[in-house]
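Asker: The structure is given below, and queries will be raised subsequently.
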Amino acid sequence: MSTDTLNTDTADATSGASPAEHRSEDPGTGRRTFIGAAITLLLAAGVVTYGFLATSDEPKPKPVPTASVTYEVRGSGTVQIDFIAHDKQTKSLTLSGSELPWRKNVEVGLGTEPTIRIVLDGKGGDAGCAVAVRGKHVQRSTAAGPYGRATCSAPLPAAQNASDSTSENSETQ
């Protein structure tokens, strides 16, 4: 054995520490491990909290019962067409410079009034609009001359029971 080894062994024996205990790590390593673990736990708690807060216990809105409506415009000339349609909500749509004939099948929410308005351009012409609900003709109107106007509408009854009416009143074409 060498003298250095004996001195180290002697020092270890006198202090009561083993050679493995003398090899110390960087003093900040334990602190960094603790901080890393704390950040990980905070992030996990944040994700869980967000999951609880983002989850809505509110009931989803029931689908609005609709009826199938057909709008039709025939004649000569170029027209602006305004009509009501239903996507996730009932809305009015405008088509400018539409050439004739024109036809559109849409779903319209019960309790609303499907309406189509036509306006001829400055060159005039002769045009007529019509509305049919669930395949049954309801109203027809005509417009003539420059900027001639016509409106057709058909009031729909209000929905009685959303769960029953949706299947009875919704038709696809």
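The values are calculated or read from the model by the stated rules, or taken from the named source; none is laboratory data. Note that this is a predicted model, so its numbers are computed, not measured. As a convention, Cβ positions derive from the backbone with ideal geometry for all residues, glycine included, and neighbour counts pool all protein chains shown.
Asker: Need pairs with beta-carbon distance below 7 Å; first residue within 14 Å of Ser141 (Cα to Cα) and within segment 59-76, second part of a loop (DSSP other than H, G, I, E, B); sequence gap 6+ or separate chains.
Answerer: Every condition considered, the pairs that remain are Val73/Leu100; Val73/Pro101; Arg74/Leu100; Arg74/Pro101; Gly75/Leu100; Gly75/Gly125.
Residues are listed down the side, and each one gets a yes or a no for (1) at pLDDT 95 or above; (2) in a helix (DSSP H, G or I); (3) of a type in the set (A, V, I, L, M, F, W, C); (4) out of contact with any strand residue (DSSP E or B) (no Cβ under 7 Å at 6 or more places or on another chain):
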{"site": "His137", "(1), (2), (3), (4)": "no, no, no, no"}
{"site": "Cys152", "(1), (2), (3), (4)": "no, no, yes, no"}
{"site": "Leu156", "(1), (2), (3), (4)": "no, no, yes, no"}
{"site": "Ala159", "(1), (2), (3), (4)": "no, no, yes, yes"}
{"site": "Ser163", "(1), (2), (3), (4)": "no, yes, no, yes"}
{"site": "Ser167", "(1), (2), (3), (4)": "no, yes, no, yes"}
{"site": "Gln173", "(1), (2), (3), (4)": "no, no, no, no"}
